[in-house]
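S.K.: Please see the structure below; I have some questions.
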Amino acid sequence: MKIKTILLIIASCFFINADRHEDIKTEINNVLNKLPAGTRVGMLIYNPLTRDTIYSINHTESMIPASNTKLFTTATALEIMGGGYTLSTQILTDDNDITDGKINGNIYIKGLGNSVFTSEDLTEMSAGLYELGIKKITGNVIGDDTFFDDIYTRDEWIKDENANVKLAPISALVIDRNKTRVRKKRRGRLRTYTVNVTNPPLFAAEQLLEKISELGVEVEGTAEKGETPLTAQLLLEKTIELRELIKMINKNSNNFLAECLFKTIGAVASSKQGNSFYSTQAILTFIEDNGIYSEGTSIVDGSGISRFDQITVGAIVGLLERMYFDIKNFDDYYNSLSIAGVDGTLNERMYNTPAENNFRGKTGTLNGVSSLSGYLVTADGDDLIISIIFEFERGRWNTYRNIQDEIIEILAGW
């Protein structure tokens, strides 16, 4: 009798759970019915603990992920380097004895992937040189960005690329995101314009030379582009931890920082030089090594600007599941994502709903593409992984974002 009772309880729980799944599918279908005709949909909703698929449509079809590509870039970086890895900008010298206040030789400013380095940081480091007692430099001031290759634009490394979004040069040595302000005369008036730096290492060397000269340091040589000797002595360094950098990339969907990190991945993974080939291979190896669904996956950049990036929602959910169970890196990864109704690109979305301050995700936007993927806790306390991609020819982005939000809000109250 007891056995029959237990079996009846199990059976009733099964049917109740099945009914709940059917109810949520019906609600989601009702929302999807609002999509304009011709919209291409990829969606997968998955419970990583029970391994239940809550909803699936076209989960193995390749689609344009837009900035959801950054999820792969930042996950691979955490796997290869760890959240505590420091990306740096260094000042070094080939003089082994500076106690006399004079550098008999060159000083070098070397970039090692610190893409957030600013002119204010350079001013601080210049003052630091002066505080070290340096009064004279007999050689040159040399900018070194050889940690990456010198293919600075995505159009150069992606064949037939014709993206609408153009970025400043992607280099290992960066000041102010490789942008500077110039004064030009237009229609008889001097105007200030923000322009891209064309030669990042030379620009950095010129800026350092100017700043230390203003402090009274005598420099006999000139600003040049070159490579730092392996025997050079480190004088000063400015760093950022990877866990802090990926917050800037994922929360605010910063394309420039994502591409710089993309090349850093290649440099660290290959122990050679950061370039698009080594970077792509590192990400694809990460996908393969972790058993993430890879059929139909093509990644050509770190930001997702390229329409040649092709990823399935199945692969995105597989990646998010892999990171969910990564004890070492999950907190850094999770904390890098935008919080619905709170910050980043989700700051004004899902406000005053059960998803607010709950859903953590990454948005993606290109012409005719809207994507959203991340983590959610339901009203019953279940963890869900969600990935939604829409490709469309009709309507505005807000139409598709609102539908994504509505689906997530329904799931949050489930």
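S.K.: Return the tail of the calculated pair distribution for segment 165-232, meaning the percent of Cα-Cα pairs more than 14 Å apart.
M.R.: Tail of P(r) above 14 Å: 69 percent of Cα pairs.
S.K.: Now, a different point. GNM on the chain, C-alpha springs below 10 Å: top fluctuator among Arg187, Arg396, Arg177?
M.R.: Top of the fluctuation ranking is Arg187.
S.K.: In nm, to one decimal, how far is the modelled label at Glu227 from the one at Asn58, with both set 7 Å along Cα→Cβ?
M.R.: With each label placed 7 Å out from Cα toward Cβ, I get 4.8 nm.
S.K.: Contour minus end-to-end for Asn33 and Arg396, with contour as 0.36 nm per residue of separation and end-to-end as the Cα-Cα distance?
M.R.: Net length gain for the segment: 129.0 nm.
S.K.: Explain nothing, just compute: Karplus ³J(HN,Hα) = 6.51 cos²θ - 1.76 cosθ + 1.60, θ = phi - 60°, for every residue of segment 257-267 in order, whole Hz, x for Gly and Pro.
M.R.: Computed from phi, the couplings for segment 257-267 are 5, 5, 5, 5, 5, 3, 6, 4, 4, x, 5 Hz.
S.K.: What are the extents of the Cα atoms of segment 280-414 along their three principal axes, listed from largest to smallest and rounded to whole Å?
M.R.: 42, 40, 23
S.K.: I'm spelling it out carefully: the read-out is log10 I(q)/I(0) by the Debye sum over Cα atoms at q = 0.09, 0.10, 0.15 Å⁻¹, the candidates are (1) -0.71, -0.79, -1.15; (2) -0.63, -0.74, -1.28; (3) -0.47, -0.59, -1.53, and one was derived from this structure. Which label?
M.R.: Here log10 I(q)/I(0) by the Debye sum over Cα atoms at q = 0.09, 0.10, 0.15 Å⁻¹ agrees with entry (2).
S.K.: Taking Rh as the Kirkwood radius, which is the inverse of the mean 1/r over Cα pairs, what is the Rg/Rh value for segment 340-379?
M.R.: My calculation puts Rg/Rh at 1.00.
S.K.: Can you tell me, using C-alpha contacts under 8 Å and at least 6 residues apart, the relative contact order of the chain as a whole percent?
M.R.: Taking the mean separation of contacting Cα pairs over the length of the chain, I get 23 percent.
S.K.: Which angle between 0 and 90 degrees, to the nearest 10, do you get for helix 313-324 versus the longest principal axis of the chain when only C-alpha atoms count?
M.R.: 70 degrees
S.K.: Just in segment 38-114: which trypsin sites (Lys or Arg not before Pro) are loop by DSSP and have at most 16 other Cβ atoms within 10 Å?
M.R.: Arg51
S.K.: Could you work out which residue, out of Ile246, Ile311, Ile158, moves most in a Gaussian network model of the chain, that is, has the largest mean-square fluctuation with Cα springs under 10 Å?
M.R.: The residue with the greatest mean-square fluctuation here is Ile158.
S.K.: Please turn the phi angles of segment 354-364 into ³J(HN,Hα) values with the Karplus equation 6.51 cos²θ - 1.76 cosθ + 1.60 (θ = phi - 60°), one per residue in order, whole Hz, x for glycine and proline.
M.R.: So the J values, rounded to whole Hz, are x, 7, 4, 6, 10, 5, 10, x, 10, 8, x.
S.K.: By per-residue mean of other Cβ atoms within 10 Å, what is the highest-first order of 84-95, 317-328?
M.R.: The densest-packed peptide leads the list: 84-95, 317-328.
S.K.: Using the C-alpha gyration tensor of segment 249-318, what are the square roots of 5 times its eigenvalues, in whole angstrom, with the largest one first?
M.R.: 19, 16, 10
S.K.: Separation between the Glu295 and Thr194 pseudo-spin-labels, each 7 Å from Cα along Cα→Cβ, expressed in nm?
M.R.: Taking the simple label geometry, Glu295 and Thr194 are separated by 4.5 nm.
S.K.: Still on this structure: Please figure out what share of the DSSP beta bridges in segment 86-241 is antiparallel and state it in percent, rounded to the nearest 5.
M.R.: 65 percent
S.K.: Identify, among Gln404, Ile246, Gly101, the residue whose Cα sits farthest towards the positive end of the charge dipole of the chain, taking +1 on the Cβ of Lys and Arg and -1 on the Cβ of Asp and Glu, with the dipole about the Cα centre.
M.R.: My answer, from the dipole projection, is Gln404.
S.K.: Ok, one more. Hey, any idea what Rg/Rh is for segment 173-300, computing Rh the Kirkwood way over Cα pairs?
M.R.: 1.07
S.K.: Checking the table Lys159/Lys251; Lys70/Lys247; Lys110/Lys247; Lys110/Lys272 against a 18 Å threshold on Cα-Cα, which pairs fail?
M.R.: Lys159/Lys251; Lys110/Lys247
S.K.: At 7 Å along Cα-to-Cβ for each site, give me the label-to-label distance between Glu22 and Glu124 in nm.
M.R.: 6.2 nm
S.K.: Shifting gears a bit: Within segment 175-192, what residues put their amide N at less than 12 Å from the label point 7 Å along the Cα-to-Cβ vector of Glu210?
M.R.: Answer for this model: 180-183.
S.K.: If you don't mind, there's one more thing I want to ask. Using 0.36 nm per residue, how much length does the chain from Lys135 to Lys184 gain when fully extended, once their Cα-Cα distance is taken away?
M.R.: Additional length available on full extension: 14.1 nm.
S.K.: Note down the magnitude of the dipole of the chain about its Cα centre, charges +1 on Lys and Arg C-beta and -1 on Asp and Glu C-beta and zero elsewhere, to the nearest 20 debye.
M.R.: 1380 debye
S.K.: Can I ask one more? Taking the dipole about the Cα centre of segment 330-390, with the C-beta of Lys and Arg at +1 and of Asp and Glu at -1, give me whichever of Leu384, Gly341, Gly364 is farthest to the positive side.
M.R.: It is Gly364.
S.K.: While we're on this one: Taking just the C-alpha trace of segment 86-241, give me its Rg and Dmax in Å.
M.R.: In order Rg, Dmax, the Cα atoms of segment 86-241 give 16.8, 55 Å.
S.K.: Which order do peptides 71-77, 103-109, 28-34 fall in by mean Cβ count within 10 Å, highest first?
M.R.: For the peptides 71-77, 103-109, 28-34, the packing ranking is 71-77, 103-109, 28-34.
S.K.: Now, a different point. Subtracting the Cα-Cα distance from 0.36 nm times the residue separation, let me have the gained length for Asn96 to Glu220 in nm, one decimal.
M.R.: 42.8 nm
S.K.: Calculate, in whole percent, how much of the Cα-Cα pair population of segment 82-151 lies beyond 17 Å.
M.R.: Percent of Cα pairs beyond 17 Å in segment 82-151: 49.
S.K.: Find how many whole Å separate the alpha carbon centroid of segment 353-414 from the alpha carbon centroid of segment 102-158.
M.R.: What the calculation gives is 42 Å, centre to centre.
Each reported figure results from applying straightforward, stated rules to the coordinates on display, with no laboratory input. Not measured: the values here are computed from a predicted model. With ideal geometry, Cβ positions are generated from the backbone for all residues, glycine too; neighbour counts draw on all protein chains shown.
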